[in-house]
Amino acid sequence: MSGVGRIIGVLAIVVVSLIGCTDSDQDLENAQATITASDFSSDVKIISSDEFEGRAPSSPGEEKTVNFLNNEFQKTGLEPGNGSSFFQDVPLVAITASPDAKLRIAGKGKTVSFSYGVDYMAWTKRVVGRSSIAKSDMVFVGYGTVAPEYDWNDYAGIDVHGKTVVMLVNDPGFATQDSLLFHGNAMTYYGRWTYKFEEAARQGAVGALIIHETEPASYPWAVVTGSWSGKQFALVSDDNNMSRCAIEGWLTLETAQKLFKKAGLDLDKLKESAEKPGFKAVPFGLKASLTLENDIEHSNSRNVLAKMVGSERPEEVIIYTAHWDHFGKAPDMEGDNIFNGAFDNATGTASLLELAEAFMSLKQRPPRSIVFLAVTAEEQGLLGSSYYATHPVFPTNKTVAAINIDGLNVFGKMNDITIIGYGNSELDDYVTAAARHQNRTVRPDPEPQKGSFYRSDHFNFAKRGIPALYTDNGIDDVDHGPEWTLEQMAKYTEERYHKPADEFDPNWDLTGAVDDMRLLFEVGYRLANETGFPNWREGNEFKALRDSDMRSGGGVGSHQ
């Protein structure tokens, strides 16, 4: 070939390459353009309408919700995500405690009684008609934490078998704002109520009560009563959950103060002691009694799965997930008694439909498959995602990443986007690149004390080693700035979070939600077109599990 011929050949390759790149970029942009505020708003309005009855698991509201999602996924042309089915059955048990139960504390020559819902909240995960503690010795165990990596053991030197432990919410780091203590202001898993009840059971306690305070809990008492009254759903272990404490619950701060005063103890001084290494548990010299009469209902709920099959490596999947459930209806509540859950999480559920439409509009399907997973019973303790994580349809070592959506921005355009758990995984880099295309920046969680990384469905994927991404709306509102946004977020938590007031608002500014969905689409699109697998950062607690799973070549997963 002559020199001129070689030049022409090289130019032809370059031109073809550029055209391919342009076509790919244009395909991405065209797909993103299908994500619109009007379509999104319409779906949010439907899913959060009174007709769907608050979307409680195993209710008529569930039937309407999962059938709606099934139909909408089919309309986009997606295939069933679980073999020949769009559903994955999730066996649940619902335990409803009688609300007239009294917590009785005896000692110092007198017995005092506390009322359900007003002074305390309690339930049991044990699948029994009656669960009780009777004259159980009470012990204050600080934060109720055993954390070897921090050389911390609140149970050191005391045997709590058969006893009732009382503990503080959140972490010592939050209480002291000491960046060298645990994770400082950022809650660790040790600060979550789920961990505290689990550890109490491991220690042999029969009762476990957490002292509620709004700031360290990150929500008011009304959220406690709304979240833990009525039916309490659970997955069922082989022992019918008998390894759990007989009684789990919360005390109001006022109830706790009365309790400590009755025991002749100073709550404030003991809190200060609990914030320091070497804390020793303190017996109250009091005995607790409480009996819960329970209605037991076994039921079947469903996760909804749909997939777009990849063109080259269909066994490798990127999973978008959002929880479809909320709290249903409260028949005994006066006035509006439907927990519509518009923001939490009709927005996330509707986003799956928008993302599905966008991916199916691509002219060229990516090599990897895209899975859309709407999970049940998140509000009951991340149960649907927990069931999927332990019964995965797709092999864990073929699952490239999980992208979780729980509450989308309803406040307007932002100059930034928040990554919950920023610094945990290489997925941060994908968000940063996509944000740059929108002239936005990435920021870590502005409220790490809330422990949000441990409070949504991505966490169950992380616990299996799968890199999991959870973004939140930014705080630097284009028109109003960060202070205004934080005020709006706080107002939502105070007035609407887990309350009937979380309803669709036609005045929402959904332009920011559209930006975020388009950003998350780009993240998934890029992952689906690559050959590599992102991982956790060095030092992350989930990295060893992921590395082992990838080496094994036998990631768990089969059609369920």
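The values are calculated or read from the model by the stated rules, or taken from the named source; none is laboratory data. All figures in this text were calculated on a predicted structure; none of them were measured in a lab. Here the Cβ is made from the backbone with ideal geometry for all residues, glycine too, and neighbour counts use every protein chain on show.
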Among the residues of the range 197-214, what is the count of those that are in contact (Cβ under 8 Å) with a residue 12 or more places away in the chain and more than 22 Å from LYS135 (Cα to Cα)? 2
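Count, please, the residues in the range 138-152 that happen to be under 26 Å from the mean Cα position of the chain (by Cα) and either surrounded by fewer than 17 Cβ atoms within 10 Å (Cβ to Cβ) or assigned to a strand (DSSP E or B) (or both). If you could, list the steps in order and put the result at the bottom.
Step one: list which residues in the range 138-152 are under 26 Å from the mean Cα position of the chain (by Cα), which gives 142-150.
This time we only want the ones that are either surrounded by fewer than 17 Cβ atoms within 10 Å (Cβ to Cβ) or assigned to a strand (DSSP E or B) (or both), so: 146-149.
So the count comes out to 4.
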Taking the range 84-98, which residues are surrounded by fewer than 21 Cβ atoms within 10 Å (Cβ to Cβ), at pLDDT 95 or above and assigned to a loop (DSSP other than H, G, I, E, B)? SER84
One residue from GLY61, GLY81, GLY54 being at positive phi and either assigned by TED's automatic domain parsing to the domain that holds GLN380 or buried (at least 21 other Cβ atoms within 10 Å of the Cβ) (or both): GLY54
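Among the residues of the range 358-377, are any farther than 23 Å from ILE318 by Cβ, in the same structural domain as LEU545 (by TED's automatic domain parsing) and in contact with a strand residue (DSSP E or B) (Cβ under 6 Å, 6 or more places away or on another chain)?
Yes, the conditions are met somewhere in the range 358-377.
Hey, among MET187, MET167, which residue is crowded, with 23+ Cβ neighbours inside 10 Å, part of a strand (DSSP E or B) and not aromatic (Phe, Trp, Tyr)? Write out each step before concluding.
Details: MET187 fails: part of a strand (DSSP E or B).
Of the residues listed, the single one that is crowded, with 23+ Cβ neighbours inside 10 Å, part of a strand (DSSP E or B) and not aromatic (Phe, Trp, Tyr) is MET167.
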Residue pairs qualifying under the 9 Å Cβ cut-off, at least six apart or on distinct chains, with the first in the range 274-289 being surrounded by fewer than 22 Cβ atoms within 10 Å (Cβ to Cβ) and the second being assigned to a strand (DSSP E or B) and acidic (Asp, Glu), are PRO283/ASP137; GLY285/ASP137; LYS287/ASP137
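Evaluate the following for LEU305: is it touching a Phe, Trp or Tyr at 6+ places or on another chain (Cβ under 8 Å), touching a residue at least 24 places away in the same chain (Cβ under 8 Å) and surrounded by fewer than 23 Cβ atoms within 10 Å (Cβ to Cβ)? Explain how you work it out, then say what you get.
Numbers: touching a Phe, Trp or Tyr at 6+ places or on another chain (Cβ under 8 Å): yes; touching a residue at least 24 places away in the same chain (Cβ under 8 Å): yes; surrounded by fewer than 23 Cβ atoms within 10 Å (Cβ to Cβ): no.
The answer is no for LEU305.
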Residues satisfying the stated conditions in the range 170-184, i.e. within 13 Å of GLU215 (Cα to Cα), in contact (Cβ under 8 Å) with a residue 40 or more places away in the chain and surrounded by 24 or more Cβ atoms within 10 Å (Cβ to Cβ): ASN170, PHE174
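Can you tell me which residue in the range 378-399 is farthest from GLU316 (Cα to Cα), limited to those that are more than 15 Å from the chain's Cα centre (by Cα) and crowded, with 24+ Cβ neighbours inside 10 Å? I'd like the intermediate steps shown before the answer.
Quick first cut of the range 378-399, residues more than 15 Å from the chain's Cα centre (by Cα) only: 390-399.
Now restrict to residues that are crowded, with 24+ Cβ neighbours inside 10 Å: 394, 399.
On the way: PHE394: 8, THR399: 6 Å.
Result: PHE394.
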For the range 492-517, what are the residues that are in a helix (DSSP H, G or I) and closer than 19 Å to SER227 by Cβ? TYR492, THR493, GLU494, GLU495
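With at pLDDT 95 or above, surrounded by fewer than 19 Cβ atoms within 10 Å (Cβ to Cβ) and more than 21 Å from ASP171 (Cα to Cα) as the only criterion, which of LYS258, LYS269 stands out? It would help to see each step written out before you state the result.
Values: LYS269 fails: more than 21 Å from ASP171 (Cα to Cα).
Exactly one residue qualifies, and that residue is LYS258.
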Report whether or not ALA288 is touching a strand residue (DSSP E or B) at 6+ places or on another chain (Cβ under 8 Å), farther than 29 Å from LEU168 by Cα and not in a loop (DSSP other than H, G, I, E, B). no
